[in-house]
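Read through the structure below, which is laid out as structure tokens, and then see the notes.
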Amino acid sequence: MLSDPAGAAPPPARPPLRLQGRVIHAGQAEGVALVSAEAIGFLGGVHPETGVILDRNHPLHGQSIAGVILVFPHGKGSTVGSYTILRLQKAGAAPLAMINAASEAITAVGAIIAGIPMVDQIDITQIQTGDFVRIHNQTIEIYK
């Protein structure tokens, strides 16, 4: 799934930083990164129809994960979080792709059933909010 979300700038002319990870759900996507150093709990922590982070204690509180490359260490919380990711996709409010440091079953299953490209085993400290990111299966290109 390739997308050009509103406000996404094309990548700069300089060569990208390339990282290789483990494919959780194969696919292609590109867009602007939204990065969190903290885990995300999808059930109750993300509005399933808008993609807005509801968790008042989360650093991304009030921001939308819709139409971005969502980068975070791992998911947390209830197994129903997988279904919340599917609901996000059906509502058009899901991230274009997800990148994790170490995925866990909740987020992995959610990405798989929602058809969202997902990669883990990535040093997420190499990606910053606002970076332009391209994903092609296990390869991630980061444009600063």
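Numbers below:
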item: Likely footprinting exposure, 56, 87, 22, fewest C-beta neighbours within 10 Å first; result: 56, 22, 87
item: Under the Karplus curve 6.51 cos²θ - 1.76 cosθ + 1.60, θ = phi - 60°, whole-Hz ³J(HN,Hα) for the stretch 105-110, x wherever Gly or Pro sits; result: 4, 4, 5, 4, 5, x
item: HN-Hα J in Hz across the stretch 92-104 - Karplus 6.51, -1.76, 1.60, θ = phi - 60°, x for Gly and Pro; result: x, 10, 7, x, 5, 7, 10, 10, 10, 6, 8, 5, 10
item: Residue order, fewest to most beta carbons within 10 Å, for 55, 123, 131; result: 123, 55, 131
item: Crossing angle, helix 81-90 versus the chain [Cα axis fit, 0-90 degrees, rounded to tens]; result: 70
item: Environment charge at residue 103 (Cβ cut-off 11 Å; Lys +1, Arg +1, Asp -1, Glu -1); result: -1
item: Value of [θ]222 nm, deg cm²/dmol, for the chain, DSSP H segments ≥ 4, -39500 (n - 2.57) each, nearest 500; result: -4000 deg cm²/dmol
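All of the numbers you see were taken from the coordinates with simple rules; none came from a lab. Model, not experiment: these values are computed from the prediction. Counting neighbours? That spans all protein chains shown, and the Cβs are built from the backbone with ideal geometry, glycine included.
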